């Protein structure tokens with residue numbers, strides 16, 4: 001039997017004639033944060049990355065309306081290599097891994113291996129991550145953009161390829177004399193310029209084809225979506241010892257920049273995080289990159305409040321993931337509006353339903369009087385009396401638009417690393433690249449979410465200005481919310497809209513001279529340089545308009561404030577349901593629901609009939625607190641929730657009318 005070389009396509013690397021045997025697929029990689037694992041069988045609250053991975057539909061549609069398979073790979077975060085909850089050694093190992101980022105390289109390689117095993121030309125790639133998992137996601141995207149994608153039969157020699165990739169910057173420095181020649185050729189694969197002699201290790205390659213030639217170059221990535229990227233690799237950043245150079249030497253090979261091969265880059269950022277070890281890793285989009293759309297949006301809260309999965313939630317403490325739900329809704333909205341990635345309708349309604357029940361639960365929570373930790377007053381079971389006495393000055397734990405009490409992230413364990421308040425709009429890129437060449441001008445494309453304006457509005461301050469829900473972000477000190485601003489230091493026009501503005505030093509000075517009388521008319525005396533000022537403008541993030549195909553969008557999450565008491569409730573104690581029903585019966589309804597709101601209530605009712613098949617009620621960590629009410633002041637709590645809904649409805653109307 002003879003083999004025809006023209007038809008010998010056993011390797012998918014050479015499957016040009018076989019690509020039509022299956023339609024394109026969408027490959028989705030989800031990288032969780034440090035100590036975050038939703039697949040190891042340990043008790044946990046799912047992070048936004050885990051929730052997002054479970055909300056993606058198995059199938060979507062392409063532009064032609066044909067079905068397209070969507071395959072999700074979820075990877076637990078660093079510090080989760082051992083799922084055991086007990087044991088001193090295991091505990092130390094987890095803390096070391098999570099504290100230093102050990103395991104991140106492994107996670108990057110795992111994500112790349114998934115792509116290699118499933119990708120063919122024409123497939124779409126989406127990558128998401130949180131915290132160090134966000135950095136993992138960005139590093140994985142950088143690897144794909146820089147190196148390309150190989151094929152499964154080439155992975156036996158992956159160790160050598162990865163070693164080469166890690167040392168590529170050092171190699172480039174050694175070959176600096178050849179840089180001009182490489183620029184002329186403009187190689188899309190930097191590795192190819194360095195290694196051309198490594199031959200295939202036995203895969204089905206075309207005759208004469210070399211190993212590095214088989215990497216698929218110029219692979220486009222549809223989305224890289226991340227929650228509060230932290231690049232704390234190696235020893236944690238601190239104010240005592242500068243470890244950046246050491247960490248850069250070990251881990252600087254990762255490329256987390258935004259590449260022209262990435263179509264959309266979305267980044268949700270925590271405005272209130274100030275731990276030095278958790279400084280954000282911003283994206284800087286070069287002006288010459290016309291292919292990528294970048295959106296980096298600031299939300300109220302600390303690192304865990306934006307990425308989700310807080311241990312406080314399973315301990316019945318904090319905002320119970322309320323703000324994390326809002327940042328997740330933002331991310332899903334960005335993806336749905338800009339890409340064809342399909343989400344499961346029932347999954348999105350369940351997320352919305354859980355959020356609605358969460359904010360209603362918070363609205364019924366009272367803080368324990370005299371408790372400096374701001375813990376809730378509740379009983380150990382639905383039948384037991386609440387621990388502590390309800391604080392009459394802090395009757396509710398919910399302020400509207402996802403705003404609850406968020407415990408300070410600066411625990412005593414983190415104090416040694418020091419603090420650093422985040423500086424929106426003021427993150428400057430490194431001017432030089434690894435070769436010492438000047439980088440092109442770049443921008444961060446930052447936005448501030450409208451919920452920040454809501455939390456700092458007069459209406460909110462009047463309602464909660466003297467309670468634990470008071471909000472004064474240090475990161476926005478000196479900023480003012482303005483409409484259609486005119487820059488006093490720059491004549492270039494600013495697009496109309498709502499911005500957050502701040503005057504700062506421009507980073508350089510100008511010399512001034514003053515005349516000293518007529519007799520010295522021709523002489524001038526030098527005076528000290530005067531600082532040059534400039535304005536920072538950060539646009540407020542616009543909300544997408546309502547559409548029939550985007551239910552449970554960000555606007556709907558705001559509408560939850562006035563729909564929550566009317567929506568189906570799950571997991572609440574019987575007394576709570578009774579109190580709410582009595583209040584609604586006795587209170588005249590002055591507001592008529594819109595068609596959109598009636599549709600949302602219908603969706604929630606439909607989902608509520610199926611929810612028992614999705615949640616193990618007796619074991620659910622989410623239900624555990626709802627069954628333990630904070631007794632007392634029931635009517636006042638209902639009144640405050642109704643007032644919250646009215647305040648949020650007015651705020652949303654003002655947004656649409658561009659009022660400030």
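The Cα atoms of region 523-660 give a gyration tensor whose axes a ≥ b ≥ c have a/c of 1.5 or more with a/b greater than b/c, which makes the shape prolate. Rounded to the nearest 0.05, the FRET efficiency derived from the C-beta distance between residue 566 and residue 42 at R0 = 41 Å is 0.65. The peptide list 404-412, 579-587, put in order of mean Cβ contacts within 10 Å with the highest first, becomes 404-412, 579-587.
Estimated from the Cβ-Cβ distance and a Förster radius of 22 angstrom, the FRET efficiency linking residue 606 and residue 635 is about 0.10. With 0.36 nm allotted per residue and the present C-alpha distance subtracted, the residue 369-residue 492 stretch has 38.9 nm of extension available. Taking packing as the residue-averaged number of other Cβ atoms within 10 angstrom, the listed peptides 590-602, 304-316, 620-632, 418-430 run from highest to lowest as 304-316, 620-632, 418-430, 590-602. I want to make sure I understand the PRE zone here: with the label point 7 angstrom from the Cα of residue 393 toward its beta carbon, which residues in region 346-380 have backbone N atoms less than 15 Å away? Zone members listed by number: 367-375. Stretching the chain fully between residue 419 and residue 480 yields a gain of 19.5 nm (0.36 nm per residue, less the alpha carbon separation).
The label point for residue 618 and the one for residue 660, both projected 7 Å from the Cα toward the Cβ, are 5.6 nm apart. Summarising the label geometry, the points placed 7 Å from Cα in the beta-carbon direction at residue 67 and residue 430 lie 4.8 nm from one another. Each label point was placed 7 Å from the Cα along the Cα-to-Cβ direction; for residue 533 and residue 472 their separation is 2.4 nm.
A Förster radius of 30 Å combined with the Cβ-Cβ distance from residue 338 to residue 159 puts the calculated FRET efficiency at roughly 0.20.
The slack in the chain from residue 456 to residue 586, taken as 0.36 nm per residue of separation less the alpha-carbon distance, amounts to 43.6 nm.
FYI, it's all coordinate maths here, none of it is from the lab. All of these numbers come straight from a predicted model, not from anything done at the bench. Neighbour counts run over all protein chains shown; Cβ positions are idealised from the backbone, glycine included.
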